[in-house]
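Notes to accompany the following structure.
Quick note: the coordinates plus some simple rules give every number you see, no bench work behind them. On a predicted model such as this, the values are computed, not experimentally measured, just so you know. Cβ placement follows ideal geometry from the backbone for every residue including glycine, while neighbour counts extend to all protein chains displayed.
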Amino acid sequence: MSFPARMAQALEARRAAAGWRQRRLVTHNDTRTLEVEGKSYRHFSSNDYLGLSQHPAVIAGWRQGAPGAGASGHVTGYSRCHAELESQLADWLGYSRALLFISGFAANQAVVHLLAQKQDRLIADRLAHASLLDAASHTPAELRRFHHNNVDSLTQRLASSCSGETLVITEGIFSMDGDSAPLAAIAAATRRADGWLLVDDAHGIGVVGEQGRGSCWQQDVRPDLLVVTFGKAFGVSGAALLCDDATADYFLQFSRHLIYSTAMPPAQASALLAALGEIQRGDALRQRLQDNIQRFRTGAAGLPWSLMPSASAIQPLIVGENGAALALSQRLAQAGCWVSAIRPPTVPPGTARLRITLTAAHRPDDIDALLEALHDAAGE
Ligand SMILES: *Cc1c(COP(=O)(O)O)cnc(C)c1O
């Protein structure tokens, strides 16, 4: 089939399945409110969980750095603020080293691609992020998936024989379900099988654990490889891999994602240093977020759509069919609340949902307005 014919067929199928993805033009976004095409909404689809994208210190940090690194970190792109950020991240999270990447997607691709060779096996939670599963399925290693957060299922996969190395892959807090992985049990099972553990804590870092050190710290687990991302609670963008000295050296020598890509802008590293400081002294922000989560869950108890067992800022309401999820999202928008519908293939078929996210920037009346709109929609 020709490229145009193939594209036309795929687009037609997507339209027919009510799966069409539409970008909307955002004309203002301050985490609490979102203006889309000129109309203002209370914003319940932001991953800026602590509201740091709006923080004066983070904005000031951004203004202190150059807008472009000018080269890869291996050429002339590695500056004092990159070095300082790496060193502070490593100290804060209890690792020898941290390496910066321009995005979480890039970091996950880099880690999985560089480690996985023929004869190895990658054993990943079925709901792991697309950046992890895509990377894993494109390596010469065998990819096996275990049932979501199910340690028995993981142990079963680990019991089969393997002549190479084993890398177990999971997340701290899952992006579409909001639940936490049982990291201690996963780490123990991985250690028994002589494997390495990779945890992507995109949604836990900054939000949970002492000083916001994330899911691993909270559960007293130290994975061999920890990926943290900065596009969520840090309110900026980018990512880091935390690891030991030998692993960091290996990545610096061989990771094509680091060698052949322009380093993170110095402005971004400088903003991230400021965000890290706010996160470390961010107990009040984390408390405000927890209060908002509690207020939402209490008020949502009687709704006809099931809440997930999530204690995190991600509070999905499972609707089921794509069309119904879209209709509910539109109904909430009419009531002034912006909540994105998430449909397959991002989530499993038949589990289309509203992915409600709460932040420290919300006020109690924002949460109450959302609850009222949901109860009204349920009554119709
Ligand atoms: C958002 C996300 C990523 C991708 O990070 P970016 O920095 O946005 O590229 C990776 N993993 C998980 C679990 C995520 O939620």
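The table for this structure:
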item: Residue that is nearest to the ligand (Cβ to nearest atom) [pool: residues in region 191-230 that are buried (at least 24 other Cβ atoms within 10 Å of the Cβ) and of a type in the set (V, I, T)]; result: T229
item: In region 183-205, the residues that are among the hydrophobic types (A, V, I, L, M, F, W, C) and not in a helix (DSSP H, G or I); result: A193, W196, L197, L198, V199, A202, I205
item: Filtered residue count, region 268-289, keeping only those that are of a type outside the set (D, E), in a helix (DSSP H, G or I) and farther than 17 Å from A240 by Cβ; result: 6
item: Selection status of L122, closer than 29 Å to C162 by Cβ, in contact (Cβ under 8 Å) with a residue 12 or more places away in the chain and within 16 Å of the ligand (Cβ to nearest atom); result: yes
item: From the options S161, S237, residue that is within 16 Å of the ligand (Cβ to nearest atom), surrounded by fewer than 20 Cβ atoms within 10 Å (Cβ to Cβ) and not in a helix (DSSP H, G or I); result: S237
